[in-house]
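Working notes, beginning with the structure itself.
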Amino acid sequence: MFRKILVANRGEIALRVICACKELGIATVAVYSEPDRNSLHVRFADEAVCIGPARSSESYLNIPQVISAAEITNVDAIHPGYGFLSENANFAQVCEASEITFIGPRPDTLELMGEKDRARREMKAAGLPTVPGSDATIEGEEQLAKEAARIGYPLILKASAGGGGRGMRVVRSQEELLVAYQTARSEAQQAFGTPDVYAERFLEHPRHIEFQVLGDRHGRVIHLGERECSIQRRHQKLVEESPSPIIDARRRRELGARVVRALEKIGYTNAGTVEFLMDADGSFYFIEMNTRIQVEHPVTEMVTGVDLVKAQIRIAAGEKLEDAAGPLDFSGHSIECRINAEDPDTFAPSAGRITTFQLPGGTGVRVDSAAYADAVIPPYYDSLVAKLIVHGRDRHEAIGRMRRALEMFVIEGIKTSIPLHRRIFADPDFAAGHLDTHFIERLVGNGK
Ligand code: MV4
């Protein structure tokens with residue numbers, strides 16, 4: 001097992017990784033940017049190294065700085081958390097070249113899944129259902145016309161280097177096609193440094209359902225059930241739950257088995273998430289794979305009893321799945337609210353000093369947060385201040401717990417999304433499990 005791990009992240013996920021290390025008896029090194037000097041991940045790590053100024057590109061994304069910090073402190077491994085360097089194949093490669101274990105999938109897997117058209121092709125070949133679409137990037141107007149005719153309208157153009165909703169363009173008719181293609185390419189070039197795009201049939205009211213997986217370094221993969229993530233706004237998830245209210249045991253078994261088989265074929269290692277869209281008719285389609293621990297991992301932990309971050313570390317150290325994850329014990333229902341520092345009406349980020357931070361607690365309530373009273377939320381990073389997670393014997397009990405926990409969560413000094421979350425949990429459609437990716441638009445009115 002590792003002696004010492006560097007945590008290449010900040011905020012709640014850095015703290016979450018430190019918790020896992022402490023439980024495994026592994027020493028920790030925090031890295032931090034100048035405005036993060038007083039953060040809890042710095043306080044609770046055994047050592048801490050300042051790696052640069054506020055700007056992410058000069059600190060948390062600065063590979064030479066992170067590697068230098070790892071070498072100075074003589075760590076065996078780096079946990080990248082989510083975001084920042086977590087899916088960066090080059091970073092994983094540099095870690096390997098420096099004889100530091102990257103806690104995540106192999107560099108070639110990060111590369112594969114980072115090219116969304118290639119991931120789609122390979123997962124289709126490995127037996128997963130995909131949305132009807134182009135099997136490669138679209139090179140030129142002739143190919144564009146041919147693919148569009150085959151796929152039909154509406155279709156969606158997606159940047160190969162995009163993902164998570166970035167670099168997408170819906171096309172509703174042939175008249176819009178050429179301009180949309182040219183715009184999508186130049187936007188992709190701007191945002192990702194490559195113009196490549198591919199096309200898929202556009203599903204109008206899909207549900208977003210994703211499978212959590214773990215793969216060990218001995219060729220075995222397991223799935224840990226699914227999460228429903230349909231409650232989102234501008235591609236930011238607001239509420240996630242496990243299990244999905246729409247999936248029955250048979251569906252889970254069948255789809256889960258296909259996911260496991262596909263990932264064993266490519267030799268997937270460590271934690272990952274396979275994203276599907278579910279169409280109105282109940283069909284499932286693979287859209288992309290995330291090769292990291294995700295923000296919403298706690299709901300899976302609550303219903304399986306597996307500590308996913310500890311499992312990541314143990315897998316990276318070479319342990320077999322049965323030791324790293326132990327037996328799965330699916331039980332009950334879990335829901336997470338992402339509490340953001342933002343204006344609940346305009347959704348503009350709300351940085352500043354937290355004056356009151358009164359946490360809910362009690363049976364079945366978990367809060368993952370690096371915030372505290374008197375902490376300053378800097379404007380430079382993402383606006384997540386806390387994840388409020390509940391567990392109940394069933395969905396109804398979990399919703400009741402979430403309602404009372406939201407009532408008893410008091411954050412003052414900054415604006416937060418707590419009022420929006422209270423509205424979601426008061427909504428009859430939410431209670432009935434009638435979810436799709438347009439839920440929030442309907443709740444708050446269009447255009448927001
Ligand atoms: C789609 C889609 C409909 N059809 N692909 C968004 C996140 C990224 N992982 C993939 N996303 C989508 N892909 C096809 N073929 C709908 C979404 C989508 C979405 C699209 C536009 C506006 C809001 C959305 C919310 C969730 C998902």
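If you check Ala262, Ala184, which single one turns out to be away from the ligand (no atom under 16 Å from the Cβ) and of a type in the set (A, V, I, L, M)? First the steps, then the outcome.
Details: Ala184 fails: away from the ligand (no atom under 16 Å from the Cβ).
Among Ala262, Ala184, only Ala262 is away from the ligand (no atom under 16 Å from the Cβ) and of a type in the set (A, V, I, L, M).
Selection within region 163-181: residues that are in a helix (DSSP H, G or I) and not small (Gly, Ala, Ser). The member of this set that is surrounded by the fewest Cβ atoms within 10 Å (Cβ to Cβ) is Glu175.
Val213 meets each of the listed conditions (1) under 20 Å from Gly164 (Cα atoms); (2) part of a loop (DSSP other than H, G, I, E, B); (3) among the aliphatic types (A, V, I, L, M) apart from (2).
When region 25-38 is examined, which residues are found to be under 24 Å from the mean Cα position of the chain (by Cα) and more than 20 Å from Tyr372 (Cα to Cα)? Hits for region 25-38 are Thr28, Val29. Scanning region 198-253 for residues that are small (Gly, Ala, Ser), more than 16 Å from the ligand (Cβ to nearest atom) and touching a residue at least 40 places away in the same chain (Cβ under 8 Å) turns up Gly215, Gly219, Gly225, Ser242.
For (1) surrounded by fewer than 16 Cβ atoms within 10 Å (Cβ to Cβ); (2) under 17 Å from the mean Cα position of the chain (by Cα), each residue gets a yes or a no:
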position	(1), (2)
His297	no, yes
Val303	no, no
Asp345	yes, no
Pro349	no, no
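On the stretch given as region 296-329, residues that are among the β-branched types (Val, Ile, Thr) and within 19 Å of Ala77 (Cβ to Cβ) total 3. Entry remark, region 168-181: residues being more than 16 Å from the ligand (Cβ to nearest atom) and among the basic types (Lys, Arg) number 0 in total. Residues of region 82-105 being in a helix (DSSP H, G or I) and surrounded by fewer than 23 Cβ atoms within 10 Å (Cβ to Cβ), which ones? If the condition is that a residue be in a helix (DSSP H, G or I) and surrounded by fewer than 23 Cβ atoms within 10 Å (Cβ to Cβ), then Ala89, Asn90, Gln93, Val94, Glu96, Ala97 are the ones that fit.
All told, Arg55 falls short of being closer than 27 Å to Val367 by Cα and either basic (Lys, Arg) or in the same structural domain as Tyr381 (by TED's automatic domain parsing) (or both).
Restricting Lys415, Lys448 to residues that are at pLDDT 95 or above and farther than 23 Å from Val303 by Cα narrows the list to Lys415.
Looking across region 138-162, the residues that are within 16 Å of the ligand (Cβ to nearest atom) and surrounded by fewer than 16 Cβ atoms within 10 Å (Cβ to Cβ) come down to Arg150, Gly152, Tyr153, Pro154. When Arg16, Arg43 are checked against the criterion of being under 21 Å from the mean Cα position of the chain (by Cα), farther than 20 Å from Glu99 by Cα and assigned by TED's automatic domain parsing to the domain that holds Leu85, Arg16 stands alone in meeting it. Of all residues in region 137-152, those that are in a helix (DSSP H, G or I) have Cβ atoms under 6 Å from Cβ atoms of residues that are surrounded by fewer than 19 Cβ atoms within 10 Å (Cβ to Cβ), 6 or more apart or on another chain, in Ile151/Pro132; Ile151/Arg201.
Going by the conditions given, is Pro419 outside any helix (DSSP H, G or I) and surrounded by fewer than 16 Cβ atoms within 10 Å (Cβ to Cβ)? First the steps, then the outcome.
Details: outside any helix (DSSP H, G or I): no; surrounded by fewer than 16 Cβ atoms within 10 Å (Cβ to Cβ): yes.
Taking the combined requirement at face value, the residue does not satisfy it.
Considering only residues in region 187-208 that are aliphatic (A, V, I, L, M) and buried (at least 21 other Cβ atoms within 10 Å of the Cβ), the one that is modelled with the lowest pLDDT turns out to be Ala188. Ile13 meets all of the listed conditions (1) at positive phi; (2) in contact with a Gly (Cβ under 9 Å, 6 or more places away or on another chain) but one, namely (1).
Going through region 108-141 one residue at a time, which ones are more than 24 Å from Val179 (Cα to Cα), charged (D, E, K, R) and touching an Asp or Glu at 6+ places or on another chain (Cβ under 9 Å)? First the steps, then the outcome.
Of all residues in region 108-141, those more than 24 Å from Val179 (Cα to Cα) come to 108-114, 118-130.
When the remaining residues are screened for being charged (D, E, K, R), the result is 108, 111, 118, 120-122, 124.
Within region 108-141, Arg118, Arg120, Arg121, Lys124 qualify.
Mind listing whichever residues of region 106-136 are at pLDDT 95 or above and in a loop (DSSP other than H, G, I, E, B)? Result: Arg106, Glu115, Ala126, Gly127, Leu128, Pro129, Val131, Pro132, Ser134.
So in region 277-295, with the set limited to residues that are under 20 Å from Asp382 (Cβ atoms) and in contact with a Phe, Trp or Tyr (Cβ under 9 Å, 6 or more places away or on another chain), which one is nearest to the ligand (Cβ to nearest atom)? So the residue we want is Asn290.
The values are calculated or read from the model by the stated rules, or taken from the named source; none is laboratory data. What you see is a predicted model, and the numbers here were worked out from it, not measured in a lab. As a convention, Cβ positions derive from the backbone with ideal geometry for all residues, glycine included, and neighbour counts pool all protein chains shown.
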